[in-house]
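Down below is the structure, laid out as structure tokens.
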């Protein structure tokens, strides 16, 4: 995993999203094929968007993390939630091309 991507859990989630920089949180699981496919795209974007958007991952299979997924209505993975100042501003579900994802992110920052 990229050094520019933060792994979150139930203890770190609320603090991580409550920062001034927008944060994209990827809800994923190790067994999810599309999650594995989008991971390299997120790693590239984490580097390209340094200082503009922070990227983090939350493994829904880890105990306690499933409650966060439920709280935000995550029903399918990968689901990516974009937060600004702790507030949810965008929900992106499923695999998408890098250019489309980058465009959506930059439109919200």
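Can you divide the C-alpha Rg of the chain by 2.2 N^0.38 Å and report the result to two decimal places? Write down the numbers at each step before the final one.
Numbers: Rg = 12.4 Å, N = 109, 2.2 N^0.38 = 13.1 Å.
Dividing the Cα Rg of the chain by 2.2 N^0.38 Å gives 0.95.
As a test of the formula, what do you get for the chain when each DSSP H run with n ≥ 4 contributes -39,500 (n - 2.57) and the sum is divided by the residue count, at 222 nm and rounded to the nearest 500 deg cm²/dmol? Spell out each step's value before the answer.
Working: 4 runs with 39 residues, N = 109.
It lands at -10500 deg cm²/dmol.
What is the packing order of peptides 39-50, 86-97, 3-14, 21-32, taking the mean over residues of other C-beta atoms within 10 Å and listing the highest first? Don't skip to the end; give the middle numbers.
Values: 39-50: 16.9, 86-97: 12.9, 3-14: 14.7, 21-32: 19.0.
Output ranking for 39-50, 86-97, 3-14, 21-32: 21-32, 39-50, 3-14, 86-97.
Just so you know, all these numbers are worked out from the coordinates, no wet-lab data involved. Since we're looking at a predicted model, the values are computed, not measured. Cβ sites come from the backbone with ideal geometry, for glycine too, and all protein chains shown count toward neighbours.
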